[in-house]
Structures are given as structure tokens and as C-alpha cells.
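Here's the structure, in C-alpha cells; my notes come after.
The values are calculated or read from the model by the stated rules, or taken from the named source; none is laboratory data. No experiment lies behind these values; they were computed from the predicted model shown. Note: ideal-geometry Cβ built from the backbone for every residue, glycine included; neighbour counts use all protein chains shown.
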Amino acid sequence: MPTPSMEDYLERIYKLIDEKGYARVSDIAEGLEVHPSSVTKMIQKLDKDQYLIYEKYRGLVLTNKGKKMGKRLMDRHELLESFLTVIGVQEENIYKDVEGIEHHLSWDSITCIETLVEYFRRDPERLEAFRTVHADLNTEET
């Protein structure tokens with residue numbers, strides 16, 4: 001199992017390759033707000049753990065294991081963003097909140113959240129009822 005830090009790198013690498021077709025050390029460092037030497041060290045670790053193949057000065061390629069994990073991590077991130085949006089979290093807080101919780105939830109919890117998001121998607125009346133209760137509670141607090 002990858003560590004939370006490894007997950008961040010895999011998710012970022014997967015997203016870059018998905019969007020641009022490649023992932024450079026400088027792009028990964030910029031996206032994760034870390035020093036390029038930190039990226040190189042992590043890439044070497046991910047290579048050792050068979051998530052990617054890295055050749056110095058030639059770039060990196062995700063292995064099937066890395067692609068599968070990268071997609072799973074990106075899907076988890078997007079699901080949590082959807083969930084927080086659905087339940088009414090303010091947009092400016094969503095990214096930071098997802099980053100804060102995504103590594104601490106079990107895959108069982110992720111599956112349950114996915115079910116809840118789908119439930120609200122299929123039954124907009126329930127979502128409206130939830131939002132009404134949410135608004136009522138926020139009004140009571142002020």
C-alpha cells in the first residue's frame with residue numbers, strides 16, 4: 001500500500017499524464033509545491049515499488065499497477081469533491097478539505113460516500129430536503 005505522500009505523487013503524475021500526455025519532474029514539483037529533488041527521490045521510490053518506470057533524463061512511465069492506482073486516487077479525489085459540493089461545503093474550502101481527509105478514509109468509507117452521492121443524484125427531492133435542513137441549521141446558528 002502506498003503512503004499518503006506516495007498517493008499524492010501518484011495522483012498528480014496520473015493527472016498530468018492524463019491531461020498532457022507526460023509528467024515532468026518540474027510539473028510534479030510545481031503541482032505539489034515541493035522541491036524538484038524531493039520529486040526525484042519519490043519517483044525513485046515509486047519506481048522501486050513498481051508503480052512507474054523511471055529513467056534519469058528520459059522521463060517516467062506509469063506501470064499498469066501505477067495507472068490503476070493513479071486512476072483510483074484521482075477518482076477518489078473527484079468523488080470527495082462531489083460529496084462536499086453536494087452537502088453544501090463552501091467552494092473555497094473544498095480542495096483543502098479533500099486534501100485533508102482523502103488519505104484518512106478507508107475504501108469502505110469511500111464506497112459509502114459514493115453511494116450517498118449517487119443516491120442524491122438519483123433523487124433530487126431528497127437532496128433539496130437535505131439542503132433545506134442544512135439551511136435551517138445555519139440560520140439557527142446565526
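Remarks
- Among the residues of segment 29-50, those identified as within 19 Å of Pro4 (Cβ to Cβ) and free of Cβ contacts under 8 Å to residues at least 12 places away in the same chain are Ala29, Glu33, Val34, His35, Ser38, Lys41, Gln44, Lys48.
- Matching option when the condition is under 23 Å from His103 (Cα atoms), touching a Pro at 6+ places or on another chain (Cβ under 9 Å) and among the aliphatic types (A, V, I, L, M), among Ile43, Ile28: Ile28
- Among the residues of segment 27-46, none is identified as on the phi > 0 side of the Ramachandran plot and in a helix (DSSP H, G or I).
- Identity of the residue in segment 84-124, among the aliphatic types (A, V, I, L, M) and within 19 Å of Gly31 (Cα to Cα), that ends up surrounded by the most Cβ atoms within 10 Å (Cβ to Cβ): Val98
- Condition check for Glu81: under 20 Å from Pro4 (Cβ atoms) and of a type outside the set (Val, Ile, Thr): yes
- When we screen Arg12, Arg72 for residues that are touching a helix residue (DSSP H, G or I) at 6+ places or on another chain (Cβ under 6 Å), among the charged types (D, E, K, R) and either over 30 Å from Ala129 (Cβ atoms) or surrounded by fewer than 19 Cβ atoms within 10 Å (Cβ to Cβ) (or both), the only hit is Arg12.
- First in segment 72-89 and among the aromatic types (Phe, Trp, Tyr), second anywhere and assigned to a loop (DSSP other than H, G, I, E, B), Cβ under 9 Å, 6 or more apart: Phe83/Val89
- Segment 93-113, subset among the hydrophobic types (A, V, I, L, M, F, W, C) and in a helix (DSSP H, G or I), residue nearest to Pro2 (Cα to Cα): Trp107
- Meets criteria (buried (at least 16 other Cβ atoms within 10 Å of the Cβ) and over 16 Å from the mean Cα position of the chain (by Cα)) for Tyr51: yes
- Unmet requirement for Ile53, which otherwise passes all of (1) of a type outside the set (Gly, Ala, Ser); (2) outside any strand (DSSP E or B); (3) closer than 21 Å to Thr3 by Cα: (2)
- Qualifying residue in segment 114-133 (condition: modelled with pLDDT of 95 or more, polar (S, T, N, Q) and assigned by TED's automatic domain parsing to the domain that holds Ile13): no
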